[in-house]
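Read the structure below first, then the notes.
The values are calculated or read from the model by the stated rules, or taken from the named source; none is laboratory data. Since the structure is predicted, the reported quantities are computational estimates derived from the model, not experimental observations. Cβ atoms come from the backbone with ideal geometry, glycine included; neighbour counts cover every protein chain shown.
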Amino acid sequence: MIKLVFCAMRLPHLSREEFQRYWRERHGPLVRECAKALGIRRYVQVHTLDSPVNDGLRRGRGGPTAYDGVAELWFDSLDALTAAGATPEGKAAGRRLLEDERTFIDLARSPLFVAEEHPVVD
């Protein structure tokens, strides 16, 4: 399996709480609806905590501002991901998700990439 990993930053007019609530309550169900057309096998949202621990971790390493969350989408293979996205249903589902993402995600500051997992501690 491969993953599509999406490191999400919210649009400036949204608080982290507003962003995460919308992502969980509105966008999550939309991904669920589009999953079959896109060949998504699993979808997980990882929500960044508003915690002094995160501030300390960032400062201790001289790191950038944290993402507001990370989405992980599993696919059977890279070929499966591209094949599903090329169908009329997949294209429509992809457009629908992107249209919604533009309402709450700062896409220019939110990288995404495909990756493989290599478990070390399981």
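One residue stands out among those in segment 75-114 that are of a type in the set (D, E, K, R), more than 17 Å from Arg32 (Cβ to Cβ) and over 17 Å from the mean Cα position of the chain (by Cα): the one that is surrounded by the fewest Cβ atoms within 10 Å (Cβ to Cβ), which is Asp79. Any residue that is at pLDDT 95 or above, touching an Asp or Glu at 6+ places or on another chain (Cβ under 9 Å), under 20 Å from Glu117 (Cβ atoms) and among the aromatic types (Phe, Trp, Tyr) - is there at least one of those in segment 21-30? No.
The condition (being more than 13 Å from the chain's Cα centre (by Cα) and surrounded by 11 or more Cβ atoms within 10 Å (Cβ to Cβ)) is satisfied by just one residue among Glu72, Glu25, Glu18: Glu18. Identification of helices (runs of 4 or more DSSP H) wholly contained in segment 1-75 with 1 or more residues that are aliphatic (A, V, I, L, M) yields 28-38, 52-61. The set of residues from segment 76-103 being part of a loop (DSSP other than H, G, I, E, B) and within 18 Å of Val5 (Cβ to Cβ) comprises Asp76, Ser77.
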